[in-house]
Amino acid sequence: MATILITGANRGIGLAMARVAALRGDLVIATARHPEQAGALAALSEETGRVSVRALDVTDEASVAALAAATPEAVDILVLNAGVLNSYGGLSDAAHGADAWRDVLMTNVAGPFLVTRALLPRVEAGEGRRIAIVSSIMGSNAGASGNAYPYRASKAGAVNVARNLAAELKPRGVAVGAYHPGWVRTDMGGGGADISVEESADGLMRRFDALSMATTGVFEDYRGMMVPF
Ligand SMILES: NC(=O)c1ccc[n+]([C@@H]2O[C@H](COP(=O)([O-])OP(=O)(O)OC[C@H]3O[C@@H](n4cnc5c(N)ncnc54)[C@H](OP(=O)(O)O)[C@@H]3O)[C@@H](O)[C@H]2O)c1
């Protein structure tokens, strides 16, 4: 039985990963920006008795510090899943203004860094010693296709953060990976996406279990296929 902390767990892939983990017997610390509105997490907690819901906005350092203070448990797997996608357009997309860049980069790049920094002592206290950053194949430079600039740049940045954390934390025995969850039917992925949240979450959890000091720094998808940087 592991303890797994998942950010952005109130809906989408994060919620599905919380369900997979709780149903297999793990203890889940599930974070949400607004726990009082996280009805699906409350129901999962009621159903399984294995989910603790805590507040976290990954862009707010006070919120990150408050989560760390409210988390005395050792964390075996830290999953940085919270993310935003503002718009799919190109250079002329009006939604790609400075505020959007700030929001997307803060959430998708700085968020995993700040949460890792605050929670690292809890991860080092655990036996799993794994950190998983949910990035995207849209962050692969090999697949650059001239659109969704803030999101693509942010997900490339998230992989870069994962790679640097893997290097810095290797001597401390903590493994770090970056993951593409597939194109998933969520609010972000849309109803026409390829796979269900269940398939993505099940695959991602298997990949997190497989992460080791031998594979630290990996960038792979939910099936274990390597994604080019
Ligand atoms: N769906 C896909 O096809 C797909 C593909 C590739 C990668 N991804 C990545 O997979 C992850 C999950 O995506 P999803 O499809 O499940 O997205 P989603 O349904 O839009 O859910 C996003 C989650 O992130 C949370 N979040 C956003 N900003 C936050 C912040 N500042 N602090 C804390 N939590 C915040 C949201 O909370 P609120 O409810 O409060 O907004 C929500 O729980 C993201 O990192 C995404 O980029 C998704």
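The values are calculated or read from the model by the stated rules, or taken from the named source; none is laboratory data. Model, not experiment: these values are computed from the prediction. Methodologically, a virtual Cβ is constructed for each residue, glycine included, from the backbone with ideal geometry; neighbour enumeration extends over all protein chains shown.
Observations on the structure shown:
Per-residue answers, yes or no, for (1) in contact (Cβ under 8 Å) with a residue 24 or more places away in the chain; (2) of a type in the set (V, I, T); (3) in a strand (DSSP E or B):
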residue: L15; (1), (2), (3): yes, no, no
residue: L41; (1), (2), (3): yes, no, no
residue: S45; (1), (2), (3): no, no, no
residue: L67; (1), (2), (3): yes, no, no
residue: E73; (1), (2), (3): yes, no, no
residue: V79; (1), (2), (3): yes, yes, yes
residue: N86; (1), (2), (3): yes, no, no
residue: G90; (1), (2), (3): yes, no, no
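Okay, residues lined up against (1) part of a strand (DSSP E or B); (2) away from the ligand (no atom under 15 Å from the Cβ); (3) under 30 Å from Y88 (Cα atoms); (4) polar (S, T, N, Q):
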residue: L119; (1), (2), (3), (4): no, no, no, no
residue: A156; (1), (2), (3), (4): no, no, yes, no
residue: P171; (1), (2), (3), (4): no, yes, no, no
residue: V176; (1), (2), (3), (4): yes, yes, yes, no
residue: E198; (1), (2), (3), (4): no, no, yes, no
residue: M205; (1), (2), (3), (4): no, no, yes, no
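- Test: N108 is touching a helix residue (DSSP H, G or I) at 6+ places or on another chain (Cβ under 6 Å) and either modelled with pLDDT of 95 or more or within 13 Å of the ligand (Cβ to nearest atom) (or both): yes
- Condition met for A21 (surrounded by 17 or more Cβ atoms within 10 Å (Cβ to Cβ) and either more than 13 Å from the ligand (Cβ to nearest atom) or in a loop (DSSP other than H, G, I, E, B) (or both)): yes
- Against the conditions (1) among the aliphatic types (A, V, I, L, M); (2) away from the ligand (no atom under 16 Å from the Cβ); (3) touching a Pro at 6+ places or on another chain (Cβ under 7 Å), A74 satisfies every one except (3).
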